[in-house]
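See below for the structure under consideration.
Values in this text are rule-based calculations from the coordinates and carry no lab data. Please read these numbers as outputs of a predicted model, since none were measured by experiment. Backbone-built Cβ (ideal geometry, glycine too); neighbour counts: all protein chains shown.
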Amino acid sequence: MKTPLGRFRVAEKIGHGMPTGTIFKSRVPLQPDDPLPETEDWVTSRILWLDGLEEQNANTRERFIYIHGTKHEDKIGNPASHGCIRMRNADVIELFELVDEGTPVVIRE
């Protein structure tokens, strides 16, 4: 349940135009009256859904491995997920605008 390593591509971009800090559940933005997710491990602001391109990471998309924003920006740089790459919300929004679906991604230790 760690972050997979190797070569990937951005398979799907989710959250275009949503406000900073928008919370997503199952890749759908929560509406103001929706209950908050049971966990505090929120996916926020934008989602770059990754697709693994190598045998050892071929299940990345099925594992729902994303690059996404987090409410826990103070924990950036420390392992704290089951595989996703968390970014500060402002940074993931900027990255979201810079890349297209299909953009190559390399994850190294």
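With contributions of -39500 (n - 2.57) from each DSSP H run of at least four residues, the per-residue ellipticity at 222 nm computed over the chain stands at -2500 deg cm²/dmol. Rounded to the nearest 10 degrees, the angle from helix 89-98 to the longest Cα principal axis of the chain is 50 degrees.
Suppose a student asked you for the relative contact order of the chain, using Cα pairs under 8 Å spaced at least 6 residues apart; what percent would you report? All intermediate terms of the calculation are to be shown ahead of the outcome.
Values: 210 pairs, mean separation 41.1, N = 109.
After rounding, I find 38 percent.
Within the shell defined by Cβ-Cβ distances under 10 Å, the residues around residue 52 carry a net charge of 0, with Lys and Arg each +1 and Asp and Glu each -1. Alpha carbon centre of the stretch 7-78 versus the stretch 84-109: separation in Å? Taking the Cα centre of the stretch 84-109 as reference, the centre of the stretch 7-78 is 10 Å away.
Sequence-ordered 3J(HN,Hα) estimates for the stretch 99-109 from the Karplus curve with 6.51, -1.76 and 1.60 and θ = phi - 60° stand at 10, 10, 4, x, 4, x, 9, 10, 10, 10, 5 Hz, glycine and proline given as x. Shape summary of the stretch 1-51, radius of gyration then Dmax from alpha carbon positions: 12.6, 40 Å. Among the GluC sites (Glu not before Pro) within the stretch 2-85, those in coil by DSSP and having at most 15 neighbouring Cβ atoms inside 10 Å are 38, 40, 54, 62. With both labels modelled 7 Å from their Cα along Cα-to-Cβ, the residue 20 to residue 54 distance reads 3.5 nm.
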